[in-house]
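The values are calculated or read from the model by the stated rules, or taken from the named source; none is laboratory data. These numbers come from a predicted model, not from an experiment. Neighbour counts run over all protein chains shown; Cβ positions are idealised from the backbone, glycine included. Ligands, DNA and RNA are excluded from the accessible area calculation, which covers all protein heavy atoms including side chains. Shrake-Rupley method; radii C 1.70, N 1.55, O 1.52, S 1.80 Å.
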Amino acid sequence: MKLVLAKDYRDMSRKAANVISAQVILKETSVLGLATGSTPIGAYQQLIEWHKKGDVSFASASTVNLDEYCSLPSSHEQSYLSFMNANFFDHIDIRRENAHLPNGMARHYEAECEAYDALISRLGGIDLQLLGIGPNGHIGFNEPDEHFMMKTHRVRLSDATRQANARFFGNDPNNVPEFALTMGMLHIMQAKKILLVANGQQKLAVLDRALNGPVTPRLPASLLQLHPDLTVVFSEK
Ligand code: F6R
């Protein structure tokens with residue numbers, strides 16, 4: 001594991017964007033696994049800036065997002081599709097047909113999950129997976145559990161996650177969707193490279209447990225200790 005300490009959020013974002021742009025420059029047809037949430041927004045902004053300057057293109061890349069809420073229409077401003085459009089896709093040259101998220105509105109969610117895993121396999125797996133970490137150690141929406149969930153699956157979001165994401169839903173955890181579809185641990189762990197970004201004092205304890213504590217499904221991010229090419233960029237501020 002490579003741990004990179006950044007001096008602040010901007011520096012963390014720039015360092016993360018450097019890893020992502022290097023990936024796409026070195027392999028134009030890269031498959032990028034992408035995350036939503038507050039943490040990666042600065043990295044997306046930096047990539048947009050470099051793209052506008054002509055330094056990086058996503059025209060031949062494909063993306064697969066980690067997760068999507070269930071029962072939230074994709075047009076809802078808090079859907080992860082809306083998030084990705086607003087914070088990244090609308091501002092770069094990715095071909096829309098190459099930008100994938102699970103469909104949280106799928107009526108037959110089991111078939112949707114299977115299709116999502118099959119799609120990632122068809123793309124040849126993920127070259128670089130970008131991750132944030134939840135306050136309870138989740139990655140994607142792989143919540144603490146008795147065992148690791150390997151495949152894309154529907155998950156009931158934990159109280160901790162709904163609490164943490166309430167800020168996007170009028171500060172009421174009850175407004176946060178109860179379920180989501182999430183990529184499982186298999187495609188995450190099979191990614192050739194993983195880039196985990198985290199910032200703030202409030203992430204320090206969970207990050208420390210994830211990287212230095214026992215590997216346990218009670219803290220899904222702890223499995224990352226077993227990944228051969230993990231870079232963590234952390235900023236305390
Ligand atoms: C989002 C995702 C989540 C977030 C995590 C941290 O696609 O997969 O695991 O990365 O909840 O979220 P923030 O960055 O908002 O603290």
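Using a ≥ b ≥ c from the Cα gyration tensor of segment 106-237 (square roots of the eigenvalues), is it rounded, prolate or oblate, where a/c under 1.5 gives rounded and otherwise the larger of a/b and b/c decides, a/b for prolate? Because a/c hits 1.5 or more and a/b fails to exceed b/c, segment 106-237 counts as oblate. With the chain treated as a Gaussian network of Cα nodes joined by springs under 10 Å, which of Asn98, Asn212, Asn165 yields the largest mean-square fluctuation? Per the Cα network of the chain with a 10 Å cutoff, Asn212 tops the list. Taking Cα centre as origin and charging only the Cβ of basic (Lys, Arg, +1) and acidic (Asp, Glu, -1) residues, the dipole magnitude of the chain rounds to 540 debye. For segment 140-201, a crude dipole built from +1 on the beta carbon of Lys and Arg and -1 on the beta carbon of Asp and Glu, taken about the Cα centre, is about 340 debye to the nearest 20.
Structural descriptor for segment 1-148: relative contact order 26 percent, calculated from alpha carbon pairs under 8 angstrom and at least 6 residues apart. By definition, a body whose alpha carbon gyration tensor gives a ≥ b ≥ c is oblate when a/c is 1.5 or more and a/b is not larger than b/c, and segment 29-72 fits this oblate description.
For the pair segment 99-138 / segment 8-33, the C-alpha centres are spaced 20 Å from each other. Across segment 115-237, Cα pairs under 8 Å and at least six residues apart give a relative contact order of 32 percent. Rounded to the nearest 500, the 222 nm mean residue ellipticity of the chain from helices alone is -9000 deg cm²/dmol, with -39,500 (n - 2.57) taken per DSSP H run of at least 4 residues. Projecting the Cα positions of Tyr9, Tyr69, Leu131 onto the charge dipole of the chain (unit charges on Cβ atoms of Lys, Arg, Asp and Glu, taken about the Cα centre) puts Tyr9 furthest along the positive direction.
Using R0 = 25 Å, the C-beta based FRET efficiency linking Glu77 and Val215 works out to 0.10. Please report, as a whole percent, how much of the solvent-accessible surface of segment 16-128 comes from carbon and sulfur atoms (probe radius 1.4 Å). Solvent-exposed carbon and sulfur of segment 16-128 make up 49 percent of the total.
For the chain, what does the alpha-carbon gyration tensor say about shape, rounded, prolate or oblate, given a ≥ b ≥ c as the root eigenvalues, a/c under 1.5 as rounded, and a/b over b/c as prolate? Rounded is the answer for the chain, as its axis ratio a/c remains below 1.5.
Among the trypsin sites (Lys or Arg not before Pro) within segment 10-95, those in coil by DSSP and having at most 13 neighbouring Cβ atoms inside 10 Å are Lys53, Arg95.
Solvent-accessible surface of segment 97-237, averaged per residue with a 1.4 angstrom probe and all protein chains in place: 47 square angstrom. Note on segment 110-237: antiparallel DSSP beta bridges, both residues inside, total approximately 35 percent of the bridges counted.
For the chain, the share of DSSP beta bridges that are antiparallel, to the nearest 5, is 25%.
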